[in-house]
Amino acid sequence: MRPLLLVAVLLAGSAGAANVEVLVQTPAGTPLADAAVLVEPLAGTPARARPRGHAAIEQRGREFIPWMTVVQTGTSVDFPNNDTIRHHVYSFSEPKRFEIKLYAGKPGQPVVFDKPGQVDIGCNIHDWMEAHVLVVDTPYFARTGADGRATVAGVPAGRYRVRPWHPLQKGAGAPQDIEIDDAPARMTLVLDARPRQTKPHTEDPDRY
Ligand SMILES: [Cu+2]
């Protein structure tokens with residue numbers, strides 16, 4: 001379990017909280033990996049504050065790992081370079097434009113994602129390198145695995161809208177509204193998205 005989820009579970013305690021278990025699939029019924037599942041409080045349900053998190057997107061084997069990351073607004077993200085060559089990380093996306101010029105090892109300053117939205121990240125040296133960050137206001141979220149399933153743990157009692165998202169989606173997926181008490185909620189969400197395809201490494205890896 002990721003530390004953030006563990007904190008959420010501990011803060012939620014045992015009274016009036018439940019897991020939300022979601023299967024995300026394409027219209028053709030194929031499980032969709034690397035999708036975000038967001039559980040957003042509806043009017044009348046307070047969003048519990050939780051500590052601003054910390055995340056990392058590393059570079060290894062001339063790829064960003066992970067390819068997709070969901071963070072709460074205000075989260076700081078490190079970009080450690082675990083390759084023996086240098087990378088040059090950038091984003092032109094409106095919610096967070098930034099550039100970490102050619103570097104090896106760990107940059108001194110993390111990047112703080114302070115506005116909600118989708119941030120697409122690339123490397124100036126290696127065209128195929130690609131990562132996506134979804135910045136969300138809700139503290140309740142999870143990412144689907146290869147089986148298309150995700151569990152959002154420890155959601156307090158209340159009314160919520162559950163929404164899927166994917167970096168390569170062709171449109172917004174239909175949300176579902178739920179009432180949480182103390183029993184697990186299960187649902188299937190449909191999202192039309194192109195699954196991730198690994199891109200070939202096309203440049204001379206020893207150039208930098
Ligand atoms: Cu690179």
May I ask for log10 I(q)/I(0) of the chain at q = 0.10, 0.14 Å⁻¹, from a Debye sum over the Cα atoms as equal point scatterers with solvent left out? -0.45, -0.85
Once both axes come from the Cα atoms, what is the angle between helix 3-12 and the longest principal axis of the chain, in degrees from 0 to 90, rounded to 10? 20
Given a 1.4 angstrom probe, what's the average accessible area per residue across region 49-208, in square angstrom? 49
For the chain, build the charge dipole from Cβ charges (+1 Lys, Arg; -1 Asp, Glu) around the Cα centre, then report which of His126, Met187, Tyr160 sits farthest towards its positive end. Tyr160
Mean separation of Cα contacts under 8 Å (at least 6 apart) over the residue count of the chain, i.e. the relative contact order in percent, is 32
Can you tell which of Pro107, Thr69, Gly117 lies farthest toward the positive end of the dipole of region 49-137, using +1 and -1 charges on the Cβ of basic and acidic side chains (Lys, Arg; Asp, Glu)? Pro107
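About its Cα centre, how strong a charge dipole does region 49-137 have in debye, to the nearest 20, once Lys and Arg get +1 and Asp and Glu get -1 at the Cβ? The partial results should precede the final answer.
Working: 10 positive and 11 negative charges, 55 e Å.
Once rounded to the nearest 20, the dipole reads 260 debye.
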Round to the nearest 10 and report in Å² the accessible area of Arg143, as given by a 1.4 Å probe over the protein chains' heavy atoms. 100
Can you give me the relative contact order of region 49-137 as a percent, contacts being Cα pairs under 8 Å and 6 or more apart? 32
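Based on DSSP H runs of at least 4 residues, each adding -39500 (n - 2.57), what is the mean residue ellipticity at 222 nm of the chain after dividing by all its residues, to the nearest 500 deg cm²/dmol? Present the calculation step by step, with values, prior to reporting the outcome.
On the way: 1 runs with 10 residues, N = 208.
-1500 deg cm²/dmol, from helical runs alone.
Taking the Cα centre as origin and putting +1 on Lys and Arg beta-carbons and -1 on Asp and Glu beta-carbons, what dipole magnitude results for the chain, to the nearest 20 debye?
On the way: 23 positive and 23 negative charges, 43 e Å.
Charge dipole of the chain: 200 debye, to the nearest 20.
Evaluate the Kirkwood expression for the hydrodynamic radius of region 49-137, namely the inverse of the mean inverse distance over all pairs of different C-alpha atoms, and round to one decimal in Å.
Details: mean 1/r = 0.0773 Å⁻¹.
Result for region 49-137 stands at 12.9 Å.
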Amide H neighbours of Asp137 under 5 Å, counting only residues 5+ apart in sequence or on other chains, H built in-plane at 1.01 Å? Thr73
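The values are calculated or read from the model by the stated rules, or taken from the named source; none is laboratory data. For clarity, every value in this text was computed on a predicted model and none was experimentally measured. Here the Cβ is made from the backbone with ideal geometry for all residues, glycine too, and neighbour counts use every protein chain on show. Note: areas computed on protein heavy atoms with side chains; ligands, DNA, RNA excluded. Shrake-Rupley method; radii C 1.70, N 1.55, O 1.52, S 1.80 Å.
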